[in-house]
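Encoded as structure tokens, the structure appears first; notes follow it.
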Amino acid sequence: MSPASPTAAVDVRPAKEASAPPQRIPAVKMIVLGIDPGTAHTGYGVVARQGGRMVALDGGVVRTSPASDPAARLAAIHARVAALLDEHQPEAVAVEELYFGANVRSAFAVGQARGVVLLAAGQRGIPCWSYTPQQIKGAVCGSGRAAKDQVQRMVQTLLALDELPRPDHAADALAVAICHANSAPMRRVLAHRDTVGARRSSRARRAGRR
């Protein structure tokens, strides 16, 4: 075998990109109001995210008495959620989606509370997102079968809280907000990609008609 020619050219041109240029997920600050709906107890949690850091801005429970008129109870939930929306100006509202199976009465009551939350957000033009308990546990703990105390500990860790978040409904609401806050940056990138792709397709169709 003869040695390689010393004058042989070496191809140093960069290889073609196999896909579109890499995109960085924007570190945009966003505020999310998480809701754990219920007629007797509606938990709420407000979480702000800046890049990879999340902090709790507010959290608590809206309590109504079973002895009160049903309409008055729903009005109280609506008023408190409306006040939270006006105070914190969240980018989105995230609501836990619960399934009660044969317990129709509980499902109906939760559905009513959920409805007034969506109403308050809709009146302000704030988008709402729903997540199942399994999705929330998976986003917070990495497992859709995580126990409630494990969720509380992870919420405490992710939000750098000095103590476990309490009561339970408030902790659950913070977990809902974390679930949405974690998925929102990627959702933005995908939405931007889809928008750019649609514009390119539109330009290509117009160019093809010329």
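The table below lists the values:
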{"read-out": "Among 58-66, 31-39, the order from most to least packed when residues are scored by Cβ within 10 Å on average", "value": "31-39, 58-66"}
{"read-out": "Computed Kirkwood radius, in angstrom, where 1/r is averaged over Cα pairs of region 30-197", "value": "16.1 Å"}
{"read-out": "Relative contact order of region 30-197, defined on C-alpha pairs under 8 angstrom at six or more residues apart (%)", "value": "31 percent"}
{"read-out": "Long-range amide H partners of residue 34 with built H, under 5 Å", "value": "45, 46, 47, 94, 177"}
{"read-out": "Label-reachable residues, region 112-129, where backbone N falls under 17 Å from a point 7 Å from residue 183's Cα toward its Cβ", "value": "127-129"}
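No lab work stands behind these numbers, since they all come straight from the coordinates. Remember, predicted model here, so these are calculated numbers, not experimental data. Here Cβ is always computed from backbone atoms with ideal geometry, including for glycine, and neighbour counts include all displayed protein chains.
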